[in-house]
């Protein structure tokens, strides 16, 4: 089920611009979730460690499924941009 939700977000070109924010004075300007102190890297790290979306949402009730998908979409876009520069 997770794969299909992520695939839909990826294929639809999810607009994460209202969810992922970067502020110079917050977390050293790292991409954060909705102006909170939770970074995209934090979310990706939790996912990489094996946490499910449900576990993340339970441990961090201020996050939403859209926040997790936006983090993944942001990371995918950043990776594509790196491939373009390096290629």
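Here, each number is a calculation from the coordinates, and none is a lab measurement. This structure is a prediction, so every number in the text was calculated from the model and none was measured. Heads up, the Cβs are rebuilt from the backbone with ideal geometry, glycines too, and the neighbour counts pull from every protein chain shown.
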*Per-selection Rg to Rh, segment 22-74 - Cα, Kirkwood hydrodynamic radius*: 0.95
*Can you tell me the order of 64-74, 17-27, 43-53 when each peptide is scored by its average per-residue count of other Cβ atoms within 10 angstrom, highest first?*
64-74, 43-53, 17-27
